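For reference, the structure discussed in these notes is given below.
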Amino acid sequence: MTSLDATFAALADPTRRAILMRLARGDATVMSLAKPFKMSQPAISQHLKVLAEAGLVSTTVRGQERPRRLETAPLARAIDWIEKYRQMWEKRYQVLDGLLEELQAMKPKGDQKK
């Protein structure tokens, strides 16, 4: 699996996306990340493992705490990939808009809807 595949696979789950949204506000421990969810701490740890394998989350050691941190580089690569396709589709829509304008201009005046 490529890193881009791992990023999109990790983002496919709503719980993992919610965890990333929380980490966007700052580092957090597993216990604090688990609080808003109706699931066990081991289940949250599994989600964090998937996020870590995708490079989206890292762990630091502060004494006995091991807070998780959001890593944005994989998200930036995903955004770059999406942006290339967005630009391609935008160009295609512009061509289609031009064709539609040409067709509208070719209609006899009595056929145009008001």
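FYI, it's all coordinate maths here, none of it is from the lab. Worth saying up front: this structure is predicted, and the values here are computed from it rather than measured. With ideal geometry, Cβ positions are generated from the backbone for all residues, glycine too; neighbour counts draw on all protein chains shown.
Tabulated data
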read-out: Cβ pairs under 9 Å, 6+ apart, first in region 9-21 and farther than 12 Å from GLN46 by Cα, second of a type in the set (Gly, Ala, Ser) and assigned to a helix (DSSP H, G or I); value: LEU11/ALA78; ARG17/ALA10; LEU20/ALA10
read-out: In region 46-80, residue farthest from the chain's Cα centre (by Cα) [restricted to those that are part of a strand (DSSP E or B) and of a type in the set (Ser, Thr, Tyr)]; value: THR59
read-out: Residue count for region 1-45, restricted to those that are small (Gly, Ala, Ser) and over 19 Å from the mean Cα position of the chain (by Cα); value: 6
